[in-house]
Each structure stands twice: as structure tokens, then as C-alpha cells.
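Okay, structure first, notes after.
The values are calculated or read from the model by the stated rules, or taken from the named source; none is laboratory data. Since the structure is predicted, the reported quantities are computational estimates derived from the model, not experimental observations. Note that we place each Cβ from the backbone using ideal geometry, even for glycine, and neighbour counts take in every protein chain shown.
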């Protein structure tokens, strides 16, 4: 993130704050994937996928593959 100045907006009464999720693992179906162009970020996403599976006690699996334009994290099952 740049060193830009950010404007802070006050919260509205009754406003719900959604949980912060960096990766959309909960929305991915079998065969779906996300593309990440940096290897270190892709490795971080892979670890996040593993932690997501453990945290939610799912029987899912994710895989990572090198593509021409970056790295893809696939939901395998």
C-alpha cells in the first residue's frame, strides 16, 4: 500500500462490518481457481487455503500450478 492519506468515514448506526477475507475460498466450487501473479503471494494464498480448510473442518483440497501469467490456486475437491 502506498503512503497515501486516507479519509476516515464515521460508522453509520446499525452498520454491520463484514469479516475481512483476502481470498474467496468460501465461494469457490470444485475446479474454480484464482490467479496470483507473484510467487510469494501465491505461496501465502496456498497456506491461507490450508488454514481455511482446517479452521472450517472441511474435506476440501487446493492445489497450486504455475501458469504463463502467474500462479493459480485451484480447488480440487
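Take residue 71 and tell me if it is part of a loop (DSSP other than H, G, I, E, B), touching a residue at least 12 places away in the same chain (Cβ under 8 Å), surrounded by 10 or more Cβ atoms within 10 Å (Cβ to Cβ) and touching a helix residue (DSSP H, G or I) at 6+ places or on another chain (Cβ under 9 Å). The answer is no for residue 71.
Restricting attention to the stretch 8-23, and to residues there that are within 29 Å of residue 45 (Cα to Cα) and exposed (fewer than 10 other Cβ atoms within 10 Å of the Cβ), which single residue is modelled with the highest pLDDT? Working first, answer last.
So in the stretch 8-23, the residues within 29 Å of residue 45 (Cα to Cα) come out as 8, 16-23.
Still in the running and exposed (fewer than 10 other Cβ atoms within 10 Å of the Cβ): 8, 16-20, 22.
Numbers: 8: 82, 16: 74, 17: 68, 18: 69, 19: 69, 20: 68, 22: 85.
Step by step, filter the stretch 8-23, then rank; the result is 22.
Of 77, 51, all but one fail to be assigned to a helix (DSSP H, G or I) and either within 16 Å of the chain's Cα centre (by Cα) or modelled with pLDDT under 95 (or both); the exception is 51. Looking across the stretch 54-68, just one residue is within 19 Å of residue 40 (Cβ to Cβ), without any contact (Cβ under 8 Å) to a residue 12 or more places away in the chain and either outside any strand (DSSP E or B) or within 13 Å of the chain's Cα centre (by Cα) (or both), and that is 68.
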